[in-house]
Amino acid sequence: MALLRLDLHAHHGASHMHSFLLSALLSALTATTLLAHSRDSYSKFIPSPYRIYSGDDIVEEEIEESFGPTRIEKKRLKKLEIYGPTHLDHVTILGQAAVYGPLEGAHISAKTLTVHGPVSVFHLQTGRLLIKGPAMINHFKIAKEVKIYGPLNAVHGSCEVINVVGRDVHLSEVKTRRLIVSSKSEHPSKVELKETVISGDVIFQGTPGKVFLDESSRVTGKIKNGRREK
């Protein structure tokens with residue numbers, strides 16, 4: 001009789017343990033499902049230009065190095081180095097990015113970006129930007145300096161300093177502390193500002209230049225080696 005009671009007690013304990021483990025497993029599965037559902041739910045409230053920063057659908061890799069025409073989408077990389085025409089879409093580079101060839105794309109973020117070739121990008125964020133070629137940049141945020149060797153057309157963005165080696169600069173809805181334009185051409189350099197604020201000086205180095213401002217633009221500092229036009 002005592003043995004029967006002991007066996008029943010052991011069986012009851014095993015059943016209780018089985019129920020406990022099953023309950024824990026169901027709780028874990030439920031939590032995982034809710035977390036996935038939660039991510040899907042909040043993602044739709046994030047504006048599409050900024051979903052790159054939420055980490056959804058981003059493939060993380062170490063280093064991207066390639067030769068020839070390259071297209072990269074939805075990736076987070078530690079470093080980028082490409083030799084050839086490049087298209088980037090929703091790409092984050094945690095370190096330095098260098099492209100030796102034309103660059104086009106949208107939603108690009110990098111610690112620093114250097115391009116040896118023409119550039120046409122939309123939504124760019126980086127610490128420093130160096131472009132050796134004509135540049136068209138729309139919606140950008142540069143923490144420090146932008147240096148362009150060639151004509152610049154920039155729309156809706158901000159940076160600390162814009163340094164252009166060339167004759168033509170077009171800025172629309174841009175905020176910066178200083179603009180430097182360097183040229184040795186026989187023709188005067190030209191800067192056009194639309195809804196743009198330069199909180200410091202506009203400096204023309206070499207060839208004198210002209211600054212054309214609309215009514216909503218202003219230069220708080222001086223225009224050196226150049227003059228203001230309307």
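The values are calculated or read from the model by the stated rules, or taken from the named source; none is laboratory data. All figures in this text were calculated on a predicted structure; none of them were measured in a lab. When we count neighbours, we look across all protein chains shown, and the Cβ atoms used for this are built from the backbone with ideal geometry, even at glycine.
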Within the group 88, 113, which residue is of a type in the set (A, V, I, L, M, F, W, C), modelled with pLDDT of 95 or more and either touching a helix residue (DSSP H, G or I) at 6+ places or on another chain (Cβ under 7 Å) or under 18 Å from residue 143 (Cβ atoms) (or both)?
113
Look through 135, 110, 154 and report the one residue that is assigned by TED's automatic domain parsing to the domain that holds residue 183 and over 22 Å from residue 202 (Cα atoms).
110
Among 184, 210, 190, which is over 21 Å from residue 230 (Cα atoms) and over 28 Å from the mean Cα position of the chain (by Cα)?
184
